[in-house]
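Written out below as structure tokens is the structure these notes cover.
The values are calculated or read from the model by the stated rules, or taken from the named source; none is laboratory data. What you are looking at is a predicted structure, and each value in this text was computed from that prediction instead of being measured. Don't worry about glycine lacking a Cβ; one is built from the backbone with ideal geometry, like all the others, and counts go over all protein chains shown. Protein only, heavy atoms only, side chains kept; ligands, DNA and RNA dropped before computing areas. Shrake-Rupley method; radii C 1.70, N 1.55, O 1.52, S 1.80 Å.
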Amino acid sequence: MTQEELFKKLVAHCKEYGFVFPSSEIYDGLAAVYDYGQNGVELKNNIKRYWWDSMVRLHENIVGLDAAIFMHPRIWEASGHLSAFNDPLIDNKDSKKRYRADVLIEDWIAKQDDKIQKEIDKAKKRFGETFDETKYRQTSPRVLEIAAKRDEIHTRFAAEMNASNLEGLRQIIVDCEIVCPISGTRNWTEVRQFNLMFSTQIGSLAEGANTVYLRPETAQGIFVNFLNVQKTGRMKLPFGIAQIGKAFRNEIVARQFIFRMREFEQMEMQFFVRPGEEMKWWNAWKQTRMAWHRALGFGDENYRFHDHEKLAHYANAATDIEYNFPFGFKEVEGIHSRTDFDLSSHQKFSGKKLQYFDPETGESYVPYVVETSIGVDRMFLQVMSAAYCEEALEGGDSRVVLRIPATLAPIKVAVMPLVKKDGLPEVAQQIMDDLKFDYNVTYDEKDSIGKRYRRQDAVGTPFCVTIDHQTLEDQTVTVRHRDTMAQERVAINALHAMVEEAVSFRKLFKTLDL
RNA sequence: GCGGGAGUAGCUCAGUGGUAGAGCAUCAGCUUCCCAAGCUGAGGGUCGCGGGUUCGACCCCCGUCUCCCGCUCCA
């Protein structure tokens, strides 16, 4: 089976077993938006808990936050999102290259000056000493023609950049006969505005609508609350603020299932440090985060760092943790040293001092920030990719099993009476009632026991508990293990401890060495 | 966004210009079984959506939506 086939099967499995559904499916779906089903939401919640507890509970100097999705629009000016992601784009259909329409036109305008200069150089050669450049500029029909056209385009360009529709920009590109540098053709698409951020209106139109944006990252909610948390929590540097929440990006191309969605969820932790200590902490968090991933046991060889060579405007060091997905090594988490860019920028735009008084040095300064940012949905896909397994069994049988770590498994225990009579369902119900307060458990009495085991394998349930006639005599049950398919006899009153041992985060956390 | 492929039951897929099929799955009953395959019955699809051609379209044509692959993009 190729990796591509594996991925297709995984996507189908996610739908068939209630992990992930296409959004609005009965209305033909909505591109790059997905819903999590009854098993998906459990897995997703468990992933979030694994992250949250490892960050907030296990670090005394990290606290949580839940900021609103809507924020003051000026925040996106300060963060750079408004200016950096608002470009008119055009594609050449032959080379399939994408350009900024405004840059194409600006380049063309600049080229006209080159053309004029060439005319002047030519004339200079012809007339020698007697050449009067100023006069030539004002009189040469050729130069005047080029200049006039240039100025006309320049004026049109300025007007069109402020126009509400982009057709005018395209018309300039057509009129100027601008060609694609790669293909050399003028086979252009429409000009489209690339807006990274979704926008909407807050307040009624009557009282003067204000444009607000759906946040494209959760980080800014942490930065603007830096002082609130630092002061009310009496936090001392270095300390961190962690947040889990939705973010929205209007990607031009969003694909590969839940890997790149327009609405997605991030788990971010911004760690505030003394200026100059950021590289130390950046390296420390790289190791800590990698250990968190590897603790799940999906194989160390399936992870790698990818250091960024081209850094974003706010960063002085950046790396990704990449996982070996069926479609290749792809980013799951980013660890960025964001310098003091964000806090300084908010200080400037808001006019409020965002500084920390360091009692040790007696100085006030804007802290530096090291960010760890992981996509919940990518993590979900990572777990599913790693867990999905088609297994050949003795006797020519096969099974599909999700080897999800027990800690993350959506259902921890399936309770099933061997037969649905003789009081066995009643005992099963008692066991359910005992476990359900602590674990997500399910009940199944339909079909043969083997069939029921396979159903649980397909959703990754680590334990199946079977009640039989012997149970009525000695209060023991059969526990069937997902990965080994091995069975053992366990006393009913030992079940809770057995499950706890397997699904508790405790063991996992102890390996993290925080 | 461009190019290529696909869309029929929950899943995997047949199908023909003349009123929609199979296997699995689901549900009810029987069977009482420790690794999916026993028996009986039932439910479920305006064939992605819209338009056109035709006496008649799941089938032919156009548009559109969604998914997959490649390119492109990616804070």
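I need the shape label for the range A:369-496. Rule: rounded when a/c is under 1.5, else prolate if a/b > b/c, else oblate, with a, b, c from the alpha carbon gyration tensor. Numbers along the way, then the final one.
Working: a/c = 2.67, a/b = 1.58, b/c = 1.69.
Oblate, since a/c reaches 1.5 and b/c is not below a/b.
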Checklist entry - Can you work out the FRET efficiency for the pair A:K8 and A:E145, with r the C-beta to C-beta distance and R0 = 51 Å, to the nearest 0.05? => result 0.30
Checklist outcome for this item: Taking only C-alpha positions in the range A:350-408, Rg and Dmax in angstrom work out to 24.8, 75
Checklist outcome for this item: Here, A:E331 and A:E177, labelled 7 Å along Cα→Cβ, have an inter-label distance in nm of 4.2 nm
Next on the checklist: Between 0 and 90 degrees, rounded to the nearest ten: what's the tilt of helix A:449-459 against the longest Cα principal axis of chain A?
Outcome noted: 30 degrees
Next on the checklist: Could you give the length gained by full extension between A:M279 and A:Y365, i.e. 0.36 nm per residue of separation minus their alpha carbon distance, to one decimal place?
Outcome noted: 29.2 nm
Checklist entry - Considering only protein heavy atoms, what per residue accessible area in square angstrom results for chain A with a 1.4 angstrom probe? => result 50 Å²
Next on the checklist: Kirkwood Rh over alpha-carbon pairs of chain A, then Stokes-Einstein at 4 °C and 1.567 mPa s: what D in µm² s⁻¹, rounded to an integer?
Outcome noted: 47 µm²/s
Checklist outcome for this item: In degrees rounded to 10, the 0-90 angle between helix A:141-161 Cα long axis and the longest Cα principal axis of chain A is 30 degrees
Checklist entry - In nm, what is the difference between 0.36 nm times the number of residues separating A:V103 and A:D447 and their Cα-Cα distance? => result 117.2 nm
Item to check | Given 11 as the ceiling on other Cβ atoms within 10 Å, longest exposed-site-free region of chain A for trypsin sites (Lys or Arg not before Pro) in DSSP loops | outcome: A:97-233
Checklist entry - How many angstrom separate the Cα center of the range A:1-47 from the Cα center of the range A:264-298? => result 29 Å
Item to check | Solvent accessible area, Å² - A:W52, 1.4 Å probe, full protein context | outcome: 80 Å²
Checklist outcome for this item: The alpha-carbon center of the range A:365-400 and that of the range A:119-144 are separated, in whole Å, by 69 Å
Item to check | Long pairs among A:K421/A:K446; A:K236/A:K353; A:K48/A:K507; A:K111/A:K310; A:K412/A:K436, criterion Cα-Cα beyond 21 Å | outcome: A:K111/A:K310
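Where the accessible area of chain A is counted over protein heavy atoms with a 1.4 Å probe, how much of it, in %, is carbon and sulfur?
49 percent
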Item to check | Simple spin-label estimate for A:C389 and A:N493 in nanometres, 7 Å along Cα-Cβ | outcome: 3.5 nm
